[in-house]
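Below you'll find the structure, written out as structure tokens, and then a few comments.
The values are calculated or read from the model by the stated rules, or taken from the named source; none is laboratory data. All values reported here derive from a predicted model rather than from experimental measurement. When we count neighbours, we look across all protein chains shown, and the Cβ atoms used for this are built from the backbone with ideal geometry, even at glycine. We work out accessible area using only protein heavy atoms, side chains counted, and drop any ligands, DNA or RNA first. Shrake-Rupley method; radii C 1.70, N 1.55, O 1.52, S 1.80 Å.
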Amino acid sequence: MKTGRRTNAKPNETVERELMLIDGEWTASGDGRFIPVENPAKRGIVIAEVPRAMETDVGHAVKAALKAFESWKRIPPRDRGKLMLKIATDIEAQSEGLAKTLSLETGNAIRTQSRGEIALAVDLFRFYGGVASEQKGETVPLGEQVLCYSRREPIGVVAGIIPWNSPVLLGALKITMALTVGNTLILKPASDAPLAVLKMARICDAHLPKGVLNVVTGSGNECGTMLAKHGGVRKLSFTGSSEAGKTIMAAGAERIVPVTLELGGKSPQIVFPDANDDHVVQSVINAMRFTRQGQSCTAGSRLFLHTSIFDSFMDKLVKKLSSLKIGDPLDETTDVGAIINRIQFEKVCNYVKDGLEQKGSSLVLGGLPPKEGPLAQGYFMEPTIFTHIKNEWRIAREEVFGPVLVAIPWEDEEEAIRMANDSHYGLAAYVYSHDIGKALRAAHTIESGWIQVNQGLGILPGTSYGGFKQSGMGREYSLEGMLDSYTQRKCITVNLQY
Ligand code: NAD
């Protein structure tokens, strides 16, 4: 392990300590304090510790990133792209170790989730590495005597703040988009899941000049706030809850720095009567991200089923979900892992209790977690479905961020779309029908940033991804997402007659 200047903190003998990356050095925090990282599948047993960054650490990181920016921005985009491609190869070579760490800290099942997440991170490095030369400007036809052209220039030091649910994927996203176009980055992973991100940063660090990528660890209230408010940071890129997103936007407003927000969701799935089959049942399960314990911003957690197919579709759905195996995330036979931490586990349980208390609601699968037996050894919850739910109820309006699906019947298309749009969120949506005209009419009317028709898959590089309404602003994952969110245009007008 490469260590840096401030590693004199007394080590805790029992758990592994990972350090953070500042100015090309692996370092502890200035005051030597650490925070624990827990294993959710073992009810929070501490598996490692990471530094609790203090203000001076964030300051060092910003200073290093500012210094590195001066030379990094001058490297031709194609050469920065080549570095992204080299990093991709090295991440791929270490993917199994990364996937294990990711499963240990997040509780996500290695077979159904973590390996795929690492593979997608590799894809992102390849995608953005490949399109690096597309950082092109335009010429403006102002006349024969004038040359007017624009350049897409990097913005400066970017702060990338990410949540725990897909840390490697989202970390890779911030790194690739910010760095490929010449910015430098300070990445802050969530305190619940910093380990795999730090491992990925070690791989990146071997290829990048010092200070180009920095990773600071700590809580949102401390480290995240210090980063968002730091005067040297010129761009805020935040993925997380809508609530925290509002404070990030306020911090950006204070200094007029551009802000990208990828926030929460309560995404609808609309099933038309002609789509009552096994493919759609499986797609609904995929879209609800049940094998990620529903802990996905794009989870299709409101299922609008036509009344004519409600019961038979529900029978098939319950049967299929009942066959999923819940348990140890590192077990190759496990489909569904654990909820991230005790607070989130209790929050999801409270939503289930709330659903049970609503007059007329009906629990058709899952419910409150077992108090005894193997599943009680970790923060495990079964896939849970409520029917006879009203779209106005809390459980149908708020983001549960757990494996809880609510099913709501509908009679006519307009009613289904009105209910789907009756939400302050607008991230994703899913529509199922063999009648493609009908499905596309619905897709064009739904107020969401990303709509899938007849599938419930995850995001792929190239897709322009981002939210409507309180699900966010700005786009990521795509070429134009990188260009629009991570560069600024400069226009130059030249008098050719002089
Ligand atoms: P969160 O908002 O609590 O935390 C996200 C990150 O922000 C963490 O690193 C946290 O430490 C930091 N943070 C929290 N408060 C902060 C503050 N005031 N200032 C600066 N930083 C702060 O979210 P979470 O619980 O980690 O993740 C779940 C949420 O993330 C859900 O709402 C989910 O929908 C959302 N999410 C959105 C996307 C997307 O692409 N739209 C992707 C994944 C997750």
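Scanning the stretch 157-173 for residues that are open to solvent by less than 10 Å² (accessible area, probe 1.4 Å), assigned to a helix (DSSP H, G or I) and within 11 Å of the ligand (Cβ to nearest atom) yields a total of 3. Among residues of the stretch 228-244 being near the ligand (Cβ under 7 Å from one of its atoms) and closer than 24 Å to residue 176 by Cβ, the one that is most open to solvent (accessible area, probe 1.4 Å) is 241.
There is no residue in the stretch 200-214 that is in contact (Cβ under 8 Å) with a residue 40 or more places away in the chain, within 13 Å of the ligand (Cβ to nearest atom) and part of a helix (DSSP H, G or I). Apart from one condition, residue 1 fits all of (1) open to solvent by 10 Å² or more (accessible area, probe 1.4 Å); (2) modelled with pLDDT of 95 or more; (3) aliphatic (A, V, I, L, M); the exception is (2). Every test in (1) polar (S, T, N, Q); (2) more than 18 Å from residue 47 (Cβ to Cβ); (3) open to solvent by less than 50 Å² (accessible area, probe 1.4 Å) is passed by residue 101 save one, and that test is (2). The requirement of being more than 9 Å from the ligand (Cβ to nearest atom) and not in a loop (DSSP other than H, G, I, E, B) is satisfied by residue 197. Inside the stretch 362-380, can you point out the residues that are surrounded by fewer than 17 Cβ atoms within 10 Å (Cβ to Cβ) and either free of Cβ contacts under 8 Å to residues at least 40 places away in the same chain or polar (S, T, N, Q) (or both)? If the condition is that a residue be surrounded by fewer than 17 Cβ atoms within 10 Å (Cβ to Cβ) and either free of Cβ contacts under 8 Å to residues at least 40 places away in the same chain or polar (S, T, N, Q) (or both), then 362, 363, 368, 370, 371, 372, 373, 376, 377 are the ones that fit. If you filter the stretch 433-451 down to residues that are out of contact with any Gly (no Cβ under 9 Å at 6 or more places or on another chain) and touching a residue at least 40 places away in the same chain (Cβ under 8 Å), you find that the one that is nearest to residue 264 (Cα to Cα) is 442. Scanning the stretch 75-98 for residues being open to solvent by 60 Å² or more (accessible area, probe 1.4 Å) and in contact (Cβ under 8 Å) with a residue 60 or more places away in the chain gives a total of 2. A residue that is among the β-branched types (Val, Ile, Thr) and either part of a loop (DSSP other than H, G, I, E, B) or within 16 Å of the ligand (Cβ to nearest atom) (or both) cannot be found anywhere in the stretch 471-493. Using the structure shown, decide if residue 68 is more than 26 Å from the chain's Cα centre (by Cα) and either part of a loop (DSSP other than H, G, I, E, B) or crowded, with 18+ Cβ neighbours inside 10 Å (or both). In short, yes. Checking each residue in the stretch 273-292 for being touching a residue at least 60 places away in the same chain (Cβ under 8 Å), surrounded by 21 or more Cβ atoms within 10 Å (Cβ to Cβ) and more than 12 Å from the ligand (Cβ to nearest atom) picks out 275, 280, 283, 284, 287, 288, 290, 291. Going through (1) out of contact with any strand residue (DSSP E or B) (no Cβ under 7 Å at 6 or more places or on another chain); (2) buried (at least 16 other Cβ atoms within 10 Å of the Cβ) one by one, residue 351 falls short only on (1).
Test residue 459 against the stated conditions and say whether it is among the hydrophobic types (A, V, I, L, M, F, W, C) and either within 16 Å of the ligand (Cβ to nearest atom) or within 19 Å of the chain's Cα centre (by Cα) (or both). In short, yes.
The criterion of being in contact with a helix residue (DSSP H, G or I) (Cβ under 9 Å, 6 or more places away or on another chain) and open to solvent by less than 10 Å² (accessible area, probe 1.4 Å) holds for residue 384. Number of residues in the stretch 205-227 that are open to solvent by less than 50 Å² (accessible area, probe 1.4 Å) and within 23 Å of residue 47 (Cβ to Cβ) equals 9. Between 370, 329, the distinction of being of a type outside the set (Phe, Trp, Tyr) and at pLDDT 95 or above belongs to 329 only.
Matching residues to (1) among the small types (Gly, Ala, Ser); (2) touching a Lys or Arg at 6+ places or on another chain (Cβ under 8 Å); (3) not in a helix (DSSP H, G or I):
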{"residue": "26", "(1), (2), (3)": "no, yes, yes"}
{"residue": "29", "(1), (2), (3)": "yes, yes, yes"}
{"residue": "32", "(1), (2), (3)": "yes, yes, yes"}
{"residue": "35", "(1), (2), (3)": "no, yes, yes"}
{"residue": "38", "(1), (2), (3)": "no, no, yes"}
{"residue": "48", "(1), (2), (3)": "yes, yes, yes"}
{"residue": "56", "(1), (2), (3)": "no, no, no"}
{"residue": "59", "(1), (2), (3)": "yes, no, no"}
